[in-house]
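A.B. asks: Dropping a structure here in structure tokens format, bear with me for questions.
The values are calculated or read from the model by the stated rules, or taken from the named source; none is laboratory data. All of these numbers come straight from a predicted model, not from anything done at the bench. Cβ: placed from backbone, ideal geometry, glycine included. Neighbour counts: every protein chain shown.
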Amino acid sequence: MRVKVAEVMARDVTVVESGTPFKAVAQALIAADVGAVCVVGPDGRVLGVVTDADLLLKEEFKDQYPHEGYRPPLRARLRHLFGREGRGGRAKSRGDTAAELMTTPAVTVGPGTAVVFAIRLMDEHGVTHLPVVGADGALEGMVGRHDLLRVFTRPDADIAREIATDVLGRSLFRDMSAVDVTVDQGVVTLAGHLRWRSDAQAAARLARGVNGVVDVVDHLEWEEDDTHTWRHR
């Protein structure tokens with residue numbers, strides 16, 4: 001069972017309109033104690049996202065002494081160049097409304113999206129928040145990096161049950177009922193005796209792919225090494 005975005009997202013989303021003044025956007029972020037707000041159009045559709053980092057550019061690009069001509073570090077410039085941050089930092093620092101500050105078009109996900117794909121989407125596009133929209137395009141929530149961390153708070157018992165019952169217990173190819181699964185602080189330990197080395201490797205790989213797993217300690221024993229044959233085919 002993959003953890004879905006709907007299970008970790010914030011449903012009470014703070015929204016602003018494209019014409020909302022800079023200061024009002026800042027006040028909205030502070031009042032809601034969030035790192036981003038959605039910018040919506042008259043029809044309620046998401047136009048973009050404004051983050052606290054977008055607002056801080058106003059201060060970042062201020063000259064601390066006459067003719068300073070501040071320039072961000074190379075890494076930041078490359079991030080702006082290759083990421084999906086919309087307008088550059090200096091241009092955003094001159095913005096006075098949500099429309100001038102937001103990253104657009106917004107990178108969105110559906111509520112049924114697996115958490116792992118939401119994480120990959122954030123990394124791919126260089127964003128920290130994703131509006132969650134339904135099939136009709138209506139805003140249903142917002143998911144940020146902080147929300148996605150909740151996947152690592154899954155109870156150990158739930159993780160162990162999923163690995164033993166849903167993952168290894170339903171293997172279509174080999175019987176893995178001999179595998180003993182224990183979980184402590186998200187770290188999975190696999191023990192037991194299997195006939196084939198490939199089964200032991202598959203068990204560890206499948207366990208590692210379960211949401212909330214921090215690491216896998218493989219104590220599985222096996223009788224025959226069938227992976228040598230595979231490598232030489």
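A.B. asks: I'd like the full set of residues that are among the polar types (S, T, N, Q) and over 20 Å from residue 15 (Cβ atoms), limited to segment 101-159.
C.D. replies: 113, 153
A.B. asks: How about segment 1-58: which strands (runs of 3 or more DSSP E) wholly inside it have at least 2 residues that are within 19 Å of the chain's Cα centre (by Cα) and at pLDDT 95 or above?
C.D. replies: The qualifying strands (runs of 3 or more DSSP E) are 36-40, 46-51.
A.B. asks: Another question about this same structure. If you take the residues in segment 155-196 that are surrounded by 18 or more Cβ atoms within 10 Å (Cβ to Cβ) and not β-branched (Val, Ile, Thr), which one is nearest to residue 114 (Cα to Cα)?
C.D. replies: 162
A.B. asks: Right, residue 188: out of contact with any strand residue (DSSP E or B) (no Cβ under 7 Å at 6 or more places or on another chain), closer than 21 Å to residue 3 by Cα and in a strand (DSSP E or B) or not?
C.D. replies: Answer is no for this residue.
A.B. asks: Do we have any residue at all in segment 141-149 that's part of a loop (DSSP other than H, G, I, E, B), within 19 Å of residue 186 (Cα to Cα) and touching a residue at least 40 places away in the same chain (Cβ under 8 Å)?
C.D. replies: No - not one qualifying residue is present in segment 141-149.
A.B. asks: Could you please let me know if residue 213 is in a strand (DSSP E or B), of a type outside the set (Ser, Thr, Tyr) and touching a strand residue (DSSP E or B) at 6+ places or on another chain (Cβ under 7 Å)?
C.D. replies: Judged against the criteria, residue 213 is not a match.
A.B. asks: While we're looking at this one, here's another question. When you go through 16, 34, 49, 39 one by one, which is the residue that is crowded, with 19+ Cβ neighbours inside 10 Å and within 17 Å of residue 150 (Cβ to Cβ)?
C.D. replies: Within the list 16, 34, 49, 39, the selection yields 34.
A.B. asks: Which condition number does residue 162 fail, the rest of (1) within 30 Å of residue 47 (Cβ to Cβ); (2) not assigned by TED's automatic domain parsing to the domain that holds residue 36 being met?
C.D. replies: The one condition residue 162 does not meet is (1).
A.B. asks: For segment 168-204, give me each residue that is among the polar types (S, T, N, Q) and more than 30 Å from the chain's Cα centre (by Cα).
C.D. replies: 177, 198, listed by residue number.
A.B. asks: Further question: Please enumerate the residues belonging to segment 191-210 that are outside any helix (DSSP H, G or I) and among the basic types (Lys, Arg).
C.D. replies: Residue satisfying the conditions is 195 alone.
A.B. asks: Among (1) over 14 Å from residue 156 (Cα atoms); (2) surrounded by 15 or more Cβ atoms within 10 Å (Cβ to Cβ); (3) free of Cβ contacts under 8 Å to residues at least 40 places away in the same chain, there is one condition residue 217 misses while meeting the rest; what is its number?
C.D. replies: Of everything listed in (1) over 14 Å from residue 156 (Cα atoms); (2) surrounded by 15 or more Cβ atoms within 10 Å (Cβ to Cβ); (3) free of Cβ contacts under 8 Å to residues at least 40 places away in the same chain, residue 217 misses just condition (2).
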